[in-house]
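**Student:** So that we are looking at the same thing, I have put the structure below in structure tokens.
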């Protein structure tokens, strides 16, 4: 008699990688808020004028919106108008999506 681990298992047909990944993502869940993606995609229509021309959103983590700017001078100007940006975001998405803004100077500029 053969040990169980020596027994041949029936062969399964191959599965599509997208089916496997989809099942994993469904089980684990991403916890991502879809509103964050909408904010990034629709930045040009959501952000106040001053922000539109000088920045680009990178993403949101734990309520903190990371915004990339081309220079330190732009960061200084925009830092004084974070209340305006937070107000615009709050009007569109409610007060819980973004509670703070962090500015980062782009390395590619």
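**Student:** Within the range 88-101, track down each residue that is assigned to a helix (DSSP H, G or I) and surrounded by 13 or more Cβ atoms within 10 Å (Cβ to Cβ).
**Tutor:** If the condition is that a residue be assigned to a helix (DSSP H, G or I) and surrounded by 13 or more Cβ atoms within 10 Å (Cβ to Cβ), then 88, 89, 90, 92, 93 are the ones that fit.
**Student:** Further, regarding this structure: Quick test of your reading of the structure: residue 67 fulfils all but one of (1) surrounded by 13 or more Cβ atoms within 10 Å (Cβ to Cβ); (2) in contact with a helix residue (DSSP H, G or I) (Cβ under 7 Å, 6 or more places away or on another chain). Name the failing condition by number.
**Tutor:** Residue 67 satisfies all of (1) surrounded by 13 or more Cβ atoms within 10 Å (Cβ to Cβ); (2) in contact with a helix residue (DSSP H, G or I) (Cβ under 7 Å, 6 or more places away or on another chain) except (2).
**Student:** Can you name the residue in the range 19-67 that is part of a loop (DSSP other than H, G, I, E, B) and at pLDDT 85 or above and, of all such residues, is nearest to residue 77 (Cα to Cα)?
**Tutor:** Applying the filter and picking the extreme gives 55.
**Student:** Which of the residues that make up the range 61-87 are within 14 Å of the chain's Cα centre (by Cα) and free of Cβ contacts under 8 Å to residues at least 12 places away in the same chain?
**Tutor:** 61, 62
**Student:** Taking only the range 76-87 into account, find how many residues are part of a helix (DSSP H, G or I) and touching a helix residue (DSSP H, G or I) at 6+ places or on another chain (Cβ under 8 Å).
**Tutor:** Looking only at that region, the number is 4.
The values are calculated or read from the model by the stated rules, or taken from the named source; none is laboratory data. On a predicted model such as this, the values are computed, not experimentally measured, just so you know. Cβ atoms come from the backbone with ideal geometry, glycine included; neighbour counts cover every protein chain shown.
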